[in-house]
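These notes are about the structure you will find just below.
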Amino acid sequence: MAKEKRPTEFVLGPKTRASYVHLMEKVSMNDGKPHYSCCFLIPKDDTKSVEAVKKAIRAAYDEGQDKLGKTVPPFESLKSPLHDGDSEHPDRPEFRGCYFLNAKNYNLQPTVVDSKLNPIEDPMEIYSGMYCKAFCGAYVFAKQFNKGIAITLEHVMKVADGDRLGGAYTSVADAFGDEDEDFLS
């Protein structure tokens with residue numbers, strides 16, 4: 001029996017697509033602290049996932065008000081981790097009709113499994129464009145002049161393959177398989 005989720009935790013999917021996938025190795029963006037991360041594209045018609053995210057964001061705000069300082073800013077004024085792909089990336093077809101959020105983990109590598117909960121260790125199986133479910137949590141942050149709500153990444157379940165995002169992928173066999181030139185002879 002699964003443990004009960006905290007109000008700040010939620011599950012995305014299974015129509016969610018992964019983008020900017022960094023689940024197998026930490027990356028450092030703009031010389032920042034290395035972390036695991038993924039951008040999740042959530043179809044707007046996946047109301048169950050969207051509502052779960054919104055509910056967790058609100059719960060994080062309610063739980064984290066002590067971190068926000070003496071003057072707690074109104075909920076609506078905080079930076080939200082849930083973004084509208086149509087308005088923020090109108091030129092990117094993969095963001096059309098989707099909300100998106102970026103999730104990170106600075107400390108622990110997210111667990112990555114297949115639909116039968118078997119660990120996936122082959123990095124070629126984990127890519128931008130795959131369909132997945134994700135277990136995440138919302139939390140409040142307050143840094144100097146920047147306050148908001150962020151998303152932590154815990155687990156990802158690959159549920160189906162999808163077209164790769166970010167350019168075409170050509171296998172080694174396709175790239176070199178029909179080369180019949182023998183330039184050494």
Point to revise | Lys70 vs. criteria in a helix (DSSP H, G or I) and not hydroxyl-bearing (Ser, Thr, Tyr) | key: no
Study note, to complete from the structure: Within region 129-150, residues being open to solvent by 20 Å² or more (accessible area, probe 1.4 Å), modelled with pLDDT under 95 and not hydrophobic (A, V, I, L, M, F, W, C) number 5
Practice item. Have a look at Leu153, Leu184, Leu108 and point out the one that is open to solvent by 50 Å² or more (accessible area, probe 1.4 Å) and at pLDDT 95 or above. Key: Leu108
Check your understanding: What pairs come up if the first residue lies in region 100-111 and is within 25 Å of His89 (Cβ to Cβ), the second is open to solvent by 70 Å² or more (accessible area, probe 1.4 Å) and among the hydroxyl-bearing types (Ser, Thr, Tyr), and their beta carbons are under 9 Å apart, counting only those six or more places apart or on different chains?
Key -> Asn102/Tyr20
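Matching residues to (1) of a type in the set (Asp, Glu); (2) assigned to a helix (DSSP H, G or I); (3) closer than 23 Å to Arg164 by Cβ:
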position	(1), (2), (3)
Thr16	no, no, yes
Met24	no, no, yes
Gly32	no, no, no
Cys38	no, no, yes
Val53	no, yes, no
Asp86	yes, yes, yes
Pro90	no, no, yes
Glu94	yes, yes, yes
Leu101	no, no, yes
**Study point:** Pick from region 1-42, criterion of a type in the set (D, E, K, R) and over 16 Å from Cys136 (Cα atoms), ranking: least open to solvent (accessible area, probe 1.4 Å)
**Key:** Lys26
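The values are calculated or read from the model by the stated rules, or taken from the named source; none is laboratory data. Here the structure is a predicted model, which means the values were calculated and not measured. Cβ: placed from backbone, ideal geometry, glycine included. Neighbour counts: every protein chain shown. Side chains are part of the model used for accessible areas, which takes the heavy atoms of the whole protein and leaves out ligands, DNA and RNA. Shrake-Rupley method; radii C 1.70, N 1.55, O 1.52, S 1.80 Å.
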